[in-house]
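*Asks:* I have a structure I would like to understand better, so I am pasting it below and will then ask my questions one at a time.
The values are calculated or read from the model by the stated rules, or taken from the named source; none is laboratory data. Note that the structure is predicted; figures quoted are calculated from it, not measured. Virtual Cβ from ideal backbone geometry, glycine too; neighbours counted across all protein chains shown. The accessibility values were calculated without ligands, DNA or RNA, using every heavy atom of the protein model including side chains. Shrake-Rupley method; radii C 1.70, N 1.55, O 1.52, S 1.80 Å.
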Amino acid sequence: MLANKGNYAGMSKAVPVITIDGPSGSGKGTVSRLLARERGFHFLDSGALYRLLAYAAQRRGMGLDNESALAALAGELDIRFPADGEGDRVLLDGDDVGEVIRTEAAGSGASRVAALPAVRQALLDRQRRFRLNPGLVADGRDMGTVVFPDADAKIFLTASAGERARRRCNQLKEKGKLVEFEDVLADIKVRDERDASRSVAPLRPAQDAYLLDTSELDIPATMERLREILKNRLNP
Ligand code: C5P
């Protein structure tokens, strides 16, 4: 699984990395962004890369199980995360697709392409190139286990499936979308199962990760806990 570790280890060790892994709805996207902003670090939303790939493939009429074609596409996509202002702007071939890749359909497509080993391999270097001074916060499923095994601090956020579904329903409601709690919960469970059982880079905490259950923590409380944890693992 860590096939590239030998080449990679030490390459950019001087640049600090904080990895935040966990299932969707654990709060990792929000706190990763906040943490990156607070420290003035770069931010890698690795889920957006898988979402973009699934979206781009569908836009080109490609099947989501064509592993070699998807891996080739992963290597050539023109993707940018402009650092200009708030929000989740993501540019694909110059078009802002930040909204459309956040849909449930794109998330489900992402989890299908993410199960393909050649796709993960094709996205590996691309993700590592985000490790730039003064540092990086990397958000995903395998940041601490595969992409940045030598990270300075590894966090694994969890929350119960029910709580994660509740948060997702609230987010969708805020966007004016009516959804059934049971449907969202079922979707989360399917995605969890697929992410945890795939043969390559399954969702699991790194051995040296700090586990934090956010079921009963809101965002400010989660941030407070993270600052505590990081105080002992990173230089100020
Ligand atoms: O984090 P987000 O919900 O945007 O990720 C979408 C999907 O992409 C996840 O359900 C997972 O299947 C996949 N993913 C992954 N590895 C990552 C990030 C995301 O497999 N590092």
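*Asks:* If residue 65 satisfies all but one of (1) in a helix (DSSP H, G or I); (2) open to solvent by 40 Å² or more (accessible area, probe 1.4 Å); (3) within 19 Å of residue 198 (Cα to Cα), what's the number of the condition it fails?
*Replies:* (1)
*Asks:* Okay, moving on. Please go through the stretch 154-180 and give me each residue that is touching a Lys or Arg at 6+ places or on another chain (Cβ under 7 Å) and part of a helix (DSSP H, G or I), ordered by number.
*Replies:* Answer for the stretch 154-180, where residues must be touching a Lys or Arg at 6+ places or on another chain (Cβ under 7 Å) and part of a helix (DSSP H, G or I): just 161.
*Asks:* Among the residues of the stretch 94-105, which ones are surrounded by fewer than 21 Cβ atoms within 10 Å (Cβ to Cβ) and either in a helix (DSSP H, G or I) or near the ligand (Cβ under 8 Å from one of its atoms) (or both)?
*Replies:* Of everything in the stretch 94-105, those that are surrounded by fewer than 21 Cβ atoms within 10 Å (Cβ to Cβ) and either in a helix (DSSP H, G or I) or near the ligand (Cβ under 8 Å from one of its atoms) (or both) turn out to be 100, 102, 104, 105.
*Asks:* Go through the stretch 143-166 residue by residue and tally those that are open to solvent by less than 30 Å² (accessible area, probe 1.4 Å), in contact with a Ser or Thr (Cβ under 6 Å, 6 or more places away or on another chain) and either within 13 Å of residue 209 (Cα to Cα) or of a type in the set (Ser, Thr, Tyr) (or both).
*Replies:* Here the count works out to 6.
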